[in-house]
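What follows is a single structure, written as structure tokens, with notes after it.
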Amino acid sequence: HNIIKNIPSLDKYTNLEVLWLDGNNIGKEGCRSIANLLQNNSSRLRLLRLASNDIGDEEAEMLADSLKHNTTLTYLDLGGNKFKEKGLRAFLKLLNDIASIGNTYNSNHTLTGLGLSNSSPFLKSAEMEKHIRSSLTINRGSDAPGQLKVIETQLNSVLRMELCRLQGIEYSYNSIFANIDDVFLPNIIALVGRKHGQDELYRMLIATAPDLTSIISRRAVLPERIAENAAQVVALNAAHVRQVADLKAENLQQTAALDVKRLELERELESIESGQGGVPSLADTSIASIQRSSGKKRDRSV
């Protein structure tokens, strides 16, 4: 095989649809360059062969992380490489992250083929490969793979417990219901009964009994609450109408008082301008003063 020690930056080659690099020592930097291409939203790469490249756990995790939001790559061949449990766990989480319903629903549903090394002698690795193959089967055959993965794994306590263990996540049966709106619980419980049988249905009923009781009680009081709400709306509207009427009456009174004052000021101004009444002019004041002074002088001379 040819040995490629240095791969140039590939993120510019977004038109690549097939990349075949089997049997080359591409190294960590080569994996990083390929990961950058896979993370590029413009990438059109749909088939990638990296078999027998001495890829370890760190490089496998790097490639898996780069595919979280990739929607073009459908086949990846990693057969004949040296990654083990950590690398397998990264691809299991990529295809079905069991941490929450939302994580499972938003896992990678584009990858439909993943070539892995020969079956590992270690039980945990073999279990991981089994669940990886199961997720790939769902990706290939379902029109709604996210929904189906939720139904098959999140709503199945046995599989969910197993996936939590394999992915290093603490398992709690009740924690799943924190992500479900109470209103949808009855429909989900019915779905579980149809899909996973009576045992799973019984387990879910026990876990959700308090929430179901709350829903039933709430349904009983909702009509009353709706009527109370409608009455409050009517009362608020009536109060608003009264407030508007009071403000309008007060505004009219203030306007009428200002009109009266304006008329008084206009009459006073008119009286001053016509010389009738009001404040005497400066000339009139001066003449009256002179006349008073003259009268006083005449009185003294007599």
Checklist entry - Across region 135-171, what is the number of residues that are within 26 Å of L123 (Cβ to Cβ), open to solvent by less than 70 Å² (accessible area, probe 1.4 Å) and either assigned to a helix (DSSP H, G or I) or hydroxyl-bearing (S, T, Y) (or both)? => result 17
Next on the checklist: Cβ-Cβ distance below 8 Å, separation of 6 or more or different chains: which pairs start in region 12-28 with a residue that is over 24 Å from K82 (Cβ atoms) and end on one that is modelled with pLDDT under 90 and surrounded by 15 or more Cβ atoms within 10 Å (Cβ to Cβ)?
Outcome noted: L16/L10
Next on the checklist: Within region 43-60, take every residue that is over 27 Å from the mean Cα position of the chain (by Cα) and surrounded by 21 or more Cβ atoms within 10 Å (Cβ to Cβ) and give me the one that is farthest from Q154 (Cα to Cα).
Outcome noted: N53
Item to check | Qualifying residues in region 81-97 (those that are over 13 Å from L163 (Cα atoms) and touching a residue at least 40 places away in the same chain (Cβ under 8 Å)) - the one nearest to the chain's Cα centre (by Cα) | outcome: E85
Next on the checklist: Let me confirm something: among T104, T153, T110, which residue is at pLDDT 95 or above, within 28 Å of the chain's Cα centre (by Cα) and among the polar types (S, T, N, Q)?
Outcome noted: T110
Item to check | Complete set of residues in region 103-133 that are under 19 Å from Q167 (Cα atoms) and open to solvent by 60 Å² or more (accessible area, probe 1.4 Å) | outcome: N103, Y105, N106, S119, P121, F122, L123, K124, K130, R133
Checklist entry - So which residues in region 61-82 are open to solvent by 70 Å² or more (accessible area, probe 1.4 Å), of a type outside the set (V, I, T) and within 17 Å of N15 (Cα to Cα), if there are any at all? => result Y75
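The values are calculated or read from the model by the stated rules, or taken from the named source; none is laboratory data. Everything quoted here is computed from the prediction, not taken from an experiment. As a convention, Cβ positions derive from the backbone with ideal geometry for all residues, glycine included, and neighbour counts pool all protein chains shown. Heads up: the accessible areas ignore ligands, DNA and RNA and are worked out on the full protein's heavy atoms, side chains in. Shrake-Rupley method; radii C 1.70, N 1.55, O 1.52, S 1.80 Å.
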